[in-house]
Every structure is written in structure tokens, then in C-alpha cells.
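Scroll down for the structure; my scribbles are underneath it.
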Amino acid sequence: MPDLMMLFAVGSAATLGFTIAGVAGFGGGVVILPVLVWVLGPREAIPILSVAQFIASVVRFLMYRQDTAWPVVRWFSVGAIPVAILASLLYVQTPADIFVRFLGCGMLALVVYRYTPWGKRAAMKLRGFIFVGGATSFFSGYLGIGGPVPAPFLIAYGLVGSAYVGTMGCCTMVTQFFKLIVFGSNALLTPYTMLMGLGIGAISWVGAYLARHLVHRLPRAWFIRVIEGMLIASGLLFLLRG
């Protein structure tokens, strides 16, 4: 593929993905990863995306840090940090097709669960974010995409708007940081990988700026619909591409 065409494809996907992520708190990886795999192959794509997602999560956190729910971040980190390390080591060793479909089924099931009598009555407790952090880090470390996992739980806890986006950004930042340590120690962060990741991550500033105006204007009901729509789209995509 010509270099200019490759850069255009990656840049367009990154702008779209990070704009979506600026509103939904996730979705950047879902949009960008298929394009990266297409132009570079899966082995380089996930480390590059990890660098870009770390930068993007820092950007979203800095924009909404005053609304971040720190108790959620603390409990999330307890489960996220050890699993992020283990899952990243597992990624270095093995393929991942079956887990992609498993993740897709899980996301669709979470949306359906929200509309059952049990889901409508369920209240998310702070300590439950230990398990949410662990699950997020597993899918993020092994598949490169874990953002959709915590979304319904953050909503169930009552976070919407800037509080949701800021908290999601901080949680993602924690997960990606420890993934990058493992990737770096296993020689997956080459100068080319870092340069590509930094370039894509820089685009996240554009996406975050475009999304910022939407976050403050979306009513709570519409905000939740956007998240659910992204979960459904992500789940179907993972099921189909496997």
C-alpha cells in the first residue's frame, strides 16, 4: 500500500475513532484497530494502538479531571494493574480469535441485561470495579480493545457526561500504562511503533476537542443511548470479524 494512502487511512480512522471516544469514552480502538491491522498486520497494530490509546486517555482525563470519580478509579486499578501485566504477557505468547467473539457476545449480553428486570434494579457497588478493572485489562492486554467493558458499569454507578468520560479516561490510562511496560520489556515497542503511536495519539487532541462540545450538550438519556449504541456496534463487529 502506498505510504500516502496508508497515512490517509490511518489518520481518517484515528480522527473518527477519537471523536467517538471523546463522547462515548471508548470506540477509538474499535475504529482504528481494523485499519491498523489492514495496513500493518496484527503484531504491530496492537502495540501501536496501545501507545495511541494511552495518549488519548491522558487527553480525555486532563479535559475532565475535575469531574473524575476517584473512588471508582482506585477500585478499578486494584483489579486492572495485575491483570494488565498478565494479559499483555499472554498476548506476547498466543493468538486471540476466540476471545474476540467472546468479548462481542459479552458486550451484547450487557446491553440486553440492562433492560431485564434484574438489570433495571441492579446498582453498581464501588468494590465491584475490582472485577471490572480485571476484565477490562484482560481484554485490553490480550485483544488491544478493552474500552467497551467498563462502560455499562460506569453508567450503572451513575456516571454520565464529563464525569463518565473523565473517569473512563483515567481508568484507560492506568491499563495502557502497564501494558506498555510489558510490551517495552518484550521488544514490541520499536522506534517505528513508538513514532506511529505518538502520531496517531496526537490526533486524539482533535477528536477530544470536537467531542467536548457534544459531551456537555447531550441529555442523560441520549448519552446512555450513545453508549449502548457503541456497545452493540462493537459487539457485532467482534462477532463478525472474530
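Some notes on this structure:
- For W70, solvent-accessible area (1.4 Å; no DNA, RNA or ligand), Å²: 110
- Table column - 3J(HN,Hα) (Hz), segment 165-177, Karplus curve with 6.51, -1.76, 1.60, x for Gly and Pro: 5, x, 5, 4, x, 5, 5, 5, 4, 4, 4, 5, 4
The values are calculated or read from the model by the stated rules, or taken from the named source; none is laboratory data. Computed from a predicted model, the values in this text were never measured in an experiment. Side chains are part of the model used for accessible areas, which takes the heavy atoms of the whole protein and leaves out ligands, DNA and RNA. Shrake-Rupley method; radii C 1.70, N 1.55, O 1.52, S 1.80 Å.
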